[in-house]
Amino acid sequence: MDFLVFQYPMITVQACLDGILLGVLFALIAYGMALQWGVMNIINIAQGDLVILGGYIAYFMYLYGIHPAWGVIVAPVIMYFVGIAIYKLVINKVVDRDLFISILATFGISILFMQLMNFAFGADVVLANSGYGTTMLFDSNVVLPNSKIFSAFISILFAACLVIYMKKSKLGRAIRATAQNARAAKILGVDTEKVYAATFGINAALCGVAGALISITFTIHPYMGLPYTIRSFMIVIVAGLGNLPGVAMSGMGLGVFEEFADYILGTEFRIGSVFLLLVLILVYRRFKLSRKREYLK
Amino acid sequence: MRLNKIILSFVSALVILFSTSVASFAKVVGDKIILGAAISLTGKYSSNGVHTQNGYNMAVDRINSMGGVKVGGKTYKFDIIYYDDESNPKRAAQLAERLISQDGVEFMLGPYSSGLTKAIAPVTEKYGVPMVEANGASRSLFTKGYKYLFAVLAPANLYLDVAIETAVELNGGKPVRIAQAFEQDAFSQDVRLGILDAAERTGSKIIIDDKLPKELNDMAATLVKVKQMKPDVLVVSGHTKGALTAIRQIAEMKVDVPMLAMTHCDAAKLSKQHGKNSQYALCASQWHKSLTYKDDFFKDGMTYAADFEKEFGYDPPYQSAESSAALLVFKDAFERANSFDQKKVRDALAATNMQTFYGNIKFAPGGQNVDKPMVLFQVMCDASGKCENKVVAPLKWASAKLIHPVPKWSER
């Protein structure tokens, strides 16, 4: 254990910036998860695999000589239809069942996707080069790859568009109504079946965007989806459903926390400390809830 | 109704009996020596699994077409039964059981990766089945006292200690400051132990010692430390993921370090995926086609590479070369034992002392090959951006001079 953060003050700045840029990307994936969890009461274990599939779309564009940044437009379009297809084939059969069934179903989809991607794309680790260069700050003591800045910017852009869409459009209002009370929405003439399909499609599209960004910033591999599922699950748990600013804050907070854990405790404790944080937050939340209950008593 | 059931179960019992007896090969059928192998044809190791299988097949075809194996005055041909272990250690161990107890295989070839070899070795050991493996380098495989395990490759702790020694040498014999980042798996941790040994030997100091998570795809934190603390050598090992991530982020973050040493560069197709950004990376390799070892079957590395490319359409990675070498070792041992008795073949294997196109092979009592040093190559690119791996150490085989220190990013 060493205290580099104090020896080299610039590391603090670097860690915060890295964490925020990373967190914004996580928050985008988590936002998709929160959306469909809130609307359909489904925890999508295949979330990370949809992300990776989106990454492969960008990667193949890169392979055929198209700049992978265009992936953030193409991937969500394709992934939207993939999402609708998954909904029609599997999810609509489990949407009204209890949570356990839907977890099993999406877990199955996750395994299927991993194997299919492995068959179709091979087991090599791949990446798409954006050639975006680097931004140097503070006498080149802090470095930010432009690809990360690009990722964060695109994530914010998509999240913002979605928020506006949910507020203003007819479908957005229908989605929100269904989330509040599906039965009442149905009685009032909302086609909930269509709303569910659209929600799942939008979630898959968000995953597609995130995947394209990940192929530009990091690496992709058919079996690399699970960590993204787990991170977004955590962000949603911490933030709570239907709490968009919460998702954004908890995403960025998580990113910064991870970076600092890495510097202070060592890289081997990075993921471990994230889980420790999850446990602490859950315990704290319960504690707060139980106090509230006492008031009621 | 009841009678029907009885007949049905009788018939199915017959079918099961029949199918097992058909599947049951003896070790040597007619003029065929049947070897067994569990290989990762699907799952996360499938690309390297295929390299391994191609290496085996290439050698089987070559040995068979050049006269086969002569035992007791009779000529035999090699044949291999493959099963797909799905990159899963449990499955690999089951398949080894199946190969031995159901298919009657009496000689085995190894799977891909240290982890899977570790899963299979106790099984082959239990049945006294000699196994020549070509893709499990973890040191822990060779300290368990296995008697029937033979590895044609150098153990993992020797992968990168050449790099440290070279760095010290270039530093005028003075100790160097080392930064290292290793994935937390058996193989990479063994590479790490090798570095620790080398550091102690040379009095060098390890100033960063990071352990990377398995689902690693971001090592920015490690690289920030490297940027601030300015070590003389940066060592990274984390399979293909580690190699690709390191190069991407080193280039993006413009991390200047005089020497960068890694593993798995050719498996990661570094120079293809990263082009000029991968330039100057030093990579540990079991084999390189430009080495001048020779044998009667493949002649030398260059010929092997050309033949392999003709058959499979790509340049052979060392995983294929070492797999081919495993069959040459088996052939040699069968002929010297002049018998198919497992005990005799095992003793013949233990006494192996030969040269193949892949390198010299001589087994230590633990089963590892002690006669073949690792080589280091450096990725070098020309002005047009075409990159090639050139051997730079050990000096005996060097086809290019090591470029050291690595030029700064601002000067590239």
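The values are calculated or read from the model by the stated rules, or taken from the named source; none is laboratory data. On a predicted model such as this, the values are computed, not experimentally measured, just so you know. Here the Cβ positions follow ideal geometry from the backbone for every residue, glycine too, while neighbour counts run over all protein chains shown.
Filter segment B:134-174 down to the residues that are polar (S, T, N, Q) and not in a loop (DSSP other than H, G, I, E, B) and list them by number.
B:140, B:157, B:166
Quick check on segment B:92-102: of everything there that is among the hydrophobic types (A, V, I, L, M, F, W, C) and surrounded by fewer than 23 Cβ atoms within 10 Å (Cβ to Cβ), which residue is nearest to residue B:135 (Cα to Cα)?
B:93
How many residues are modelled with pLDDT under 85 and closer than 20 Å to residue B:302 by Cβ when one looks only at segment B:400-412?
Within segment B:400-412, residues that are modelled with pLDDT under 85 and closer than 20 Å to residue B:302 by Cβ number 0.
Do we find a residue being farther than 28 Å from residue A:41 by Cα, assigned to a strand (DSSP E or B) and in contact with a helix residue (DSSP H, G or I) (Cβ under 9 Å, 6 or more places away or on another chain) anywhere in segment A:147-160?
Checked against the condition, which is being farther than 28 Å from residue A:41 by Cα, assigned to a strand (DSSP E or B) and in contact with a helix residue (DSSP H, G or I) (Cβ under 9 Å, 6 or more places away or on another chain), segment A:147-160 yields no hits at all.
Counting only residues that are within 21 Å of the chain's Cα centre (by Cα) and either more than 10 Å from chain B (Cβ to nearest Cβ) or among the charged types (D, E, K, R) (or both), which one in segment A:263-274 is surrounded by the most Cβ atoms within 10 Å (Cβ to Cβ)?
A:270
Only residues in segment B:54-67 that are of a type in the set (Ser, Thr, Tyr) count as the first member; pair them with residues that are assigned to a helix (DSSP H, G or I), Cβ under 9 angstrom, at least 6 apart or cross-chain, and list the lot.
Within 9 Å, the pairs are B:56/B:320; B:56/B:323; B:56/B:324; B:56/B:326; B:56/B:327.
Could you tell me which residue of segment A:95-123 is farthest from the other protein chains (Cβ to nearest Cβ), considering only residues that are surrounded by 14 or more Cβ atoms within 10 Å (Cβ to Cβ) and more than 30 Å from residue B:47 (Cα to Cα)?
Here the answer is A:95.
Look at segment A:219-232 and say how many of its residues are farther than 21 Å from residue A:119 by Cα, of a type outside the set (Ser, Thr, Tyr) and buried (at least 21 other Cβ atoms within 10 Å of the Cβ).
So the count comes out to 1.
Need a quick list: helices (runs of 4 or more DSSP H) entirely within segment B:175-284 having at least 3 residues that are away from chain A (no Cβ under 13 Å) and more than 23 Å from residue A:134 (Cβ to Cβ).
B:186-202
Every residue in segment B:206-223 that is touching a Phe, Trp or Tyr at 6+ places or on another chain (Cβ under 8 Å) and not small (Gly, Ala, Ser), please.
So the first thing to find is which residues in segment B:206-223 are touching a Phe, Trp or Tyr at 6+ places or on another chain (Cβ under 8 Å), and the list is B:210-212, B:217-218, B:221.
Once the filter is applied, which keeps residues that are touching a Phe, Trp or Tyr at 6+ places or on another chain (Cβ under 8 Å) and not small (Gly, Ala, Ser), segment B:206-223 yields B:210, B:211, B:212, B:217, B:218.
Quick one: what pairs do we get from segment A:116-137, first residue in contact (Cβ under 8 Å) with a residue 12 or more places away in the chain and acidic (Asp, Glu), second part of a helix (DSSP H, G or I) and surrounded by 13 or more Cβ atoms within 10 Å (Cβ to Cβ), C-beta under 6 Å, 6+ apart or different chains?
Qualifying pairs under 6 Å: A:124/B:47.
Do you know which residues across segment B:26-52 are within 14 Å of another protein chain (Cβ to nearest Cβ), farther than 20 Å from residue B:97 by Cα and not β-branched (Val, Ile, Thr)?
B:43, B:44, B:45, B:46, B:47, B:48, B:51 - these are the residues of segment B:26-52 that are within 14 Å of another protein chain (Cβ to nearest Cβ), farther than 20 Å from residue B:97 by Cα and not β-branched (Val, Ile, Thr).
Just give me the residues in segment A:39-77 being in a loop (DSSP other than H, G, I, E, B) and either within 14 Å of the chain's Cα centre (by Cα) or touching a residue at least 60 places away in the same chain (Cβ under 8 Å) (or both), in sequence order.
Once the filter is applied, which keeps residues that are in a loop (DSSP other than H, G, I, E, B) and either within 14 Å of the chain's Cα centre (by Cα) or touching a residue at least 60 places away in the same chain (Cβ under 8 Å) (or both), segment A:39-77 yields A:41, A:42, A:43, A:44, A:45, A:46, A:67.
Working only within segment B:236-286, note down all residues that are more than 19 Å from residue B:45 (Cβ to Cβ) and of a type in the set (Lys, Arg).
Selection gives B:248, B:254, B:272, B:276.
All but one of (1) modelled with pLDDT of 90 or more; (2) within 18 Å of the chain's Cα centre (by Cα) hold for residue A:163; which doesn't?
All conditions are met except number (1).
(1) in a helix (DSSP H, G or I); (2) touching a Leu at 6+ places or on another chain (Cβ under 7 Å); (3) at pLDDT below 95: which one isn't true of residue B:51, the others all being true?
(2)
Taking into account only those residues within segment A:1-35 that are touching a strand residue (DSSP E or B) at 6+ places or on another chain (Cβ under 7 Å) and at pLDDT below 85, which is nearest to the other protein chains (Cβ to nearest Cβ)?
Step by step, filter segment A:1-35, then rank; the result is A:14.
In segment B:178-195, is there at least one residue being outside the structural domain of residue B:333 (by TED's automatic domain parsing), of a type in the set (Ser, Thr, Tyr) and modelled with pLDDT under 90? Step through it out loud before you land on a result.
Within segment B:178-195, the subset outside the structural domain of residue B:333 (by TED's automatic domain parsing) is B:178-195.
Checking which are of a type in the set (Ser, Thr, Tyr) leaves us with B:188.
Subset that is modelled with pLDDT under 90: B:188.
Yes; the residues of segment B:178-195 include at least one that is outside the structural domain of residue B:333 (by TED's automatic domain parsing), of a type in the set (Ser, Thr, Tyr) and modelled with pLDDT under 90.
Could you check segment B:117-165 and list, in sequence order, the residues that are over 28 Å from residue B:262 (Cα atoms) and basic (Lys, Arg)?
Listed by number, the residues that qualify are B:126, B:147.
Identify, from the list A:204, A:177, A:197, A:212, the residue that is touching a Gly at 6+ places or on another chain (Cβ under 9 Å), among the aliphatic types (A, V, I, L, M) and surrounded by fewer than 24 Cβ atoms within 10 Å (Cβ to Cβ). Write out each step before concluding.
Values: A:204 fails: surrounded by fewer than 24 Cβ atoms within 10 Å (Cβ to Cβ); A:177 fails: touching a Gly at 6+ places or on another chain (Cβ under 9 Å); A:212 fails: surrounded by fewer than 24 Cβ atoms within 10 Å (Cβ to Cβ).
Being touching a Gly at 6+ places or on another chain (Cβ under 9 Å), among the aliphatic types (A, V, I, L, M) and surrounded by fewer than 24 Cβ atoms within 10 Å (Cβ to Cβ) holds for just one of A:204, A:177, A:197, A:212, which is A:197.
Answer yes or no as to whether residue B:105 is part of a strand (DSSP E or B) and surrounded by 19 or more Cβ atoms within 10 Å (Cβ to Cβ).
For residue B:105, the condition - part of a strand (DSSP E or B) and surrounded by 19 or more Cβ atoms within 10 Å (Cβ to Cβ) - is not met.
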